[in-house]
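The values are calculated or read from the model by the stated rules, or taken from the named source; none is laboratory data. Treat the numbers as computed from the prediction; the structure is a model and nothing was measured. Positions of Cβ are generated from backbone atoms using ideal geometry, with glycine treated the same way; all protein chains shown enter the neighbour counts.
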Amino acid sequence: MRARLGGGRLWVARGLGGLAGLALAGVLAVTLATTVWAQQLVADLSSHLIAITTGFTGTEVVLFGTTDGVGDVAIVVTGPKMPALVRRKERVLGMWMNTRTVHFSQAPSFYSVATSRPLDQIVSKTLLERQQIGVPQLTLAPQESLDAQEQAEFRDALIRNKRRAGVYTPTTGTVSFLGDRLFRTNLYFPANVPTGLYNVEALLIRNGEVVSAQTTPLVVSKIGFSAEVYDMARHRPITYGVLAVLGAVAAGWTAGAAFRRV
Amino acid sequence: MQVYLPIAEMSVNALLVLGMGGLVGFLSGMFGVGGGFLMTPLLIFIGVPPAVAVGTQANQLVAASVSGVLAHWRRGNVDVKLGVVMLIGGVIGTALGVWIFGVLQRLGQIDIAISLSYVFFLGTIGGMMMLESARAIIRRRAPTAKRGKLHRHIWLHGLPFKMRFHRSKLYISALLPAGIGVVGGILVAIMGIGGGFLLVPAMIYLLNMPAGLVAGTSLFQIIFTTAAATLLQAATNHTVDAMLALLLLVGGVIGAQFGTRIGSRIPGEQARLMLATIVVAVALKLAWDLFAPPLDVYSLTMGVV
């Protein structure tokens, strides 16, 4: 919607080489945009699809954009929201066993923030909280009623586990400006990136206030052989099971026959 | 070379998995065991979710037992009638095991259940094997041991539904082999192992089956229990990763061929003692993990369980 009119794709085609073209496209996008907000910031991705193929080991997507003047930019990438279970182990007869489970109904499966300067230098804490920028500001409310301390412990545990898996990345200043108006950043997605529809939000911040924002969708999807295997396992599980068994029988038979004389 | 596993939803080094398959295949060829008891913990160790490790291992064991049974079949070392009675119990046990597996998974206790059953079964069987083979090695040096009674009659042999098994020259209750099958089936579903290490001694000591028929017949019924486990795990828990199974299978088949050749040169008791040592070591490692403080007492599961 709004400024994602094709200006962005045009830039991608030309790459960084045609800075004049970039500026032109930016102007074009600004003129075409309908709201006042969108005029001040335009951004797009080098690709709107991350394809998880058999050889997938993680990937980078380049985010490009332009602003109408000096300001700071924050990019917030949010993966699809999913239910999450956090379990706590306790010693039972000397063994560590899961004894407590807390459900979070809406936890982003992926979350990362990139900014042009450290976040605390460009906006106030209250604004971060209002706009939910940065991992500490995420709304993660458990379904169970817990006292404040326990709630914080389970929430921290969820974030800690996500960070360890590399799918919640700490806030760092990685948006770089080329001149005053053009900016770019590399968004990294690891091999274990969850699939689904992502939201990439670009925010323009001036004098501690968000003056413009734009959201761009990004799809992370399994493609090719791995997608076919996954789809079959999910949607035709019986057929999948039968094929898995038949394949194994055939393989075992072939191996047994091939090495018969050995 | 990295390969993305579609069901485990992770990227692994294909050469590492092939190597693991080869190593376990080598040991299983050398000692004549399935090797599932080594492979499942190894898979969990490299980060494969335990549920996927167990489901996939069942699939891989189908291939391993098919290629294993062929050699026994050609020599006529399979008691089909007894095997069929066992596998009826085995399929029931598998269904029961897959159901228990699903319940434990929802309760969040599947990891500890897998570890505990490993520690219990591997510890017990490995310990017994160790004692027995050590004793056999000592006895061989001083051959004075008396020969025991050929057939001991215990209460188990008084059960109803007696059946005649001509091939094994047995007249026993059908409940006995079926019962052994049930236990084997549960092990396949929960631990991702063929259960040969438990079935073989049970068939020798409880059924008094001729030793020559034991390996072939147990492999024969393991084909069906692992196939049933693969089907049921795929249908209910969605935990069979075909890509992972393929990698394990290729490594395993090649490894087993080399293992078999080396194995034929090692004396029986020494091979058993080595196997027992590995089994006990795996049990101790898993026991240690159960009692040692975890890295993080909190764990996270995404999605609906």
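Applying the set (1) over 17 Å from the mean Cα position of the chain (by Cα); (2) buried (at least 23 other Cβ atoms within 10 Å of the Cβ) to residue B:105 leaves exactly one unmet item: (2). Residue count for segment A:166-179 under the criterion of being modelled with pLDDT under 85 and loosely packed, with under 14 Cβ neighbours inside 10 Å: the result is 2.
Go through segment B:178-198 and give me each residue that's aliphatic (A, V, I, L, M) and modelled with pLDDT of 85 or more. B:178, B:180, B:182, B:183, B:186, B:187, B:188, B:189, B:190, B:191, B:193, listed by residue number.
Here the condition is being at the interface with chain B (Cβ under 10 Å from one of its Cβ atoms) and buried (at least 16 other Cβ atoms within 10 Å of the Cβ); of A:211, A:249, it holds for A:249 alone.
If I ask for residues that are touching a residue at least 60 places away in the same chain (Cβ under 8 Å) and either facing chain B (nearest Cβ under 7 Å) or over 29 Å from the mean Cα position of the chain (by Cα) (or both), which ones from segment A:214-246 would you list? Passing the criteria: A:222, A:226. Within the group B:97, B:76, which residue is over 22 Å from residue B:12 (Cα atoms) and surrounded by 18 or more Cβ atoms within 10 Å (Cβ to Cβ)? Of the residues listed, the single one that is over 22 Å from residue B:12 (Cα atoms) and surrounded by 18 or more Cβ atoms within 10 Å (Cβ to Cβ) is B:97.
Test residue B:233 against the criterion of being assigned to a helix (DSSP H, G or I), polar (S, T, N, Q), within 14 Å of chain A (Cβ to nearest Cβ) and surrounded by 20 or more Cβ atoms within 10 Å (Cβ to Cβ), and give yes or no. Yes; evaluated as a whole, the condition is true for this residue. Filtered by the rule that a residue be more than 8 Å from chain A (Cβ to nearest Cβ) and either free of Cβ contacts under 8 Å to residues at least 24 places away in the same chain or surrounded by fewer than 24 Cβ atoms within 10 Å (Cβ to Cβ) (or both), segment B:52-73 gives B:72, B:73. Whether a residue is small (Gly, Ala, Ser) and not in a helix (DSSP H, G or I) was assessed, and residue A:221 passes this test.
Residues in segment A:86-95 that are modelled with pLDDT under 90 and facing another protein chain (nearest Cβ under 7 Å) were compared, and the one that is farthest from residue A:197 (Cα to Cα) is A:94. Can you tell me which residues in segment B:266-296 are within 30 Å of residue A:159 (Cβ to Cβ) and over 17 Å from the mean Cα position of the chain (by Cα)? Once the filter is applied, which keeps residues that are within 30 Å of residue A:159 (Cβ to Cβ) and over 17 Å from the mean Cα position of the chain (by Cα), segment B:266-296 yields B:288, B:289, B:290, B:291, B:292, B:293, B:294, B:295, B:296. Filtering segment A:137-154 to residues that are in contact with a strand residue (DSSP E or B) (Cβ under 9 Å, 6 or more places away or on another chain) and either not hydrophobic (A, V, I, L, M, F, W, C) or not assigned by TED's automatic domain parsing to the domain that holds residue A:75 (or both) leaves A:139, A:142, A:143, A:144, A:150, A:151, A:153. Scanning segment B:108-134 for residues that are surrounded by fewer than 16 Cβ atoms within 10 Å (Cβ to Cβ) and either modelled with pLDDT under 85 or on the phi > 0 side of the Ramachandran plot (or both) returns B:132, B:134. Taking the stated definitions as given, is residue B:206 within 19 Å of residue B:273 (Cα to Cα), of a type outside the set (Ser, Thr, Tyr) and modelled with pLDDT of 80 or more? When the stated conditions are applied, residue B:206 does not pass them.
Of all residues in segment B:284-291, at least one satisfies being out of contact with any helix residue (DSSP H, G or I) (no Cβ under 9 Å at 6 or more places or on another chain) and closer than 27 Å to residue B:48 by Cβ. Note on segment B:22-51: among residues that are within 12 Å of chain A (Cβ to nearest Cβ) and in a helix (DSSP H, G or I), the one that is surrounded by the most Cβ atoms within 10 Å (Cβ to Cβ) is B:25. Is it the case that some residue within segment A:98-105 is modelled with pLDDT of 90 or more, aliphatic (A, V, I, L, M) and more than 30 Å from residue B:289 (Cα to Cα)? Scanning segment A:98-105 turns up no residue that is modelled with pLDDT of 90 or more, aliphatic (A, V, I, L, M) and more than 30 Å from residue B:289 (Cα to Cα).
Comparison of A:155, A:163 shows that the only residue that is in a helix (DSSP H, G or I), at pLDDT 90 or above and under 16 Å from the mean Cα position of the chain (by Cα) is A:163.
Candidates B:261, B:272: the one that is of a type in the set (D, E, K, R), within 12 Å of chain A (Cβ to nearest Cβ), on the phi < 0 side of the Ramachandran plot and part of a helix (DSSP H, G or I) is B:261. Among the residues of segment A:59-85 satisfying the criterion of being within 11 Å of chain B (Cβ to nearest Cβ) and assigned to a strand (DSSP E or B), which is nearest to residue A:41 (Cα to Cα)? Selected residue: A:81. Does segment A:125-136 contain any residue that is small (Gly, Ala, Ser) and surrounded by fewer than 16 Cβ atoms within 10 Å (Cβ to Cβ)? No, segment A:125-136 has no match at all.
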